[in-house]
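Notes follow once the structure below has been shown.
Bear in mind that the values in this text are calculations on the coordinates, not laboratory data. Not measured: the values here are computed from a predicted model. Ideal geometry is used to build each Cβ from the backbone, glycine not excepted, and the neighbour counts take in all protein chains shown.
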Amino acid sequence: DIYEDSWFIETVRDLMTTFGTYSWSEDKEAKEEAKSQLQKKILPLYLPKLNDKFVENGGRDTGYLVGGHLTAATFFVAASFDVVFYHEEREEEWLPILQTHAPDLVGFMVDKREREFAHYFLDEAKRPKRDS
């Protein structure tokens, strides 16, 4: 589970680096280049891999990315995708890309957003208990 957890976190962290360039760059050319790279190369390459790994790990049935329970990857990916794909100023532009290349992850995000996932994770009383 630790390897799988790290894989999801590091893959999404790589995506977030390019989104950071797109979001925060004041250089118009760099911003447009980052956007083009995201839309044409990076997201079409990485999102299907994330989606496939989610399905392979049983995520459709469990609602979690790794091991059928809450892990750092589930929290990190849900929070990162919420910022990128579901931010009200970006949703129309970026959500269709997620829907096209990672349809199962869309279901994952809808589930996490409906349950106010961050609050669920941070409230220790509601946090799932893990058998040690």
Discussion item. Can you tell me the length gained on complete extension of the stretch ASP104 to LYS31, counting 0.36 nm per residue apart and subtracting the Cα distance?
Written reply: 23.4 nm
Worksheet item: So if we plug the beta-carbon distance of VAL55 and THR17 into 1/(1 + (r/R0)^6) with R0 = 25 Å, what FRET efficiency do we get, rounded to 0.05?
Response: 0.50
Worksheet item: Can you give the percent of C-alpha pairs in the stretch 1-63 whose distance is more than 18 Å?
Response: 45 percent
Item to complete: Return the whole-Å distance between the Cα centroid of the stretch 1-43 and the Cα centroid of the stretch 61-83.
Response: 18 Å
Worksheet entry | Sites ALA79 and TRP7 - FRET efficiency at Förster radius 30 Å, r taken between beta-carbons, to 0.05 | 0.95
Discussion item. Can you compute 3J(HN,Hα) from phi for each residue in the stretch 10-15, using the Karplus curve 6.51 cos²θ - 1.76 cosθ + 1.60 with θ = phi - 60°, rounded to whole Hz and x for Gly and Pro?
Written reply: 5, 5, 5, 4, 4, 4
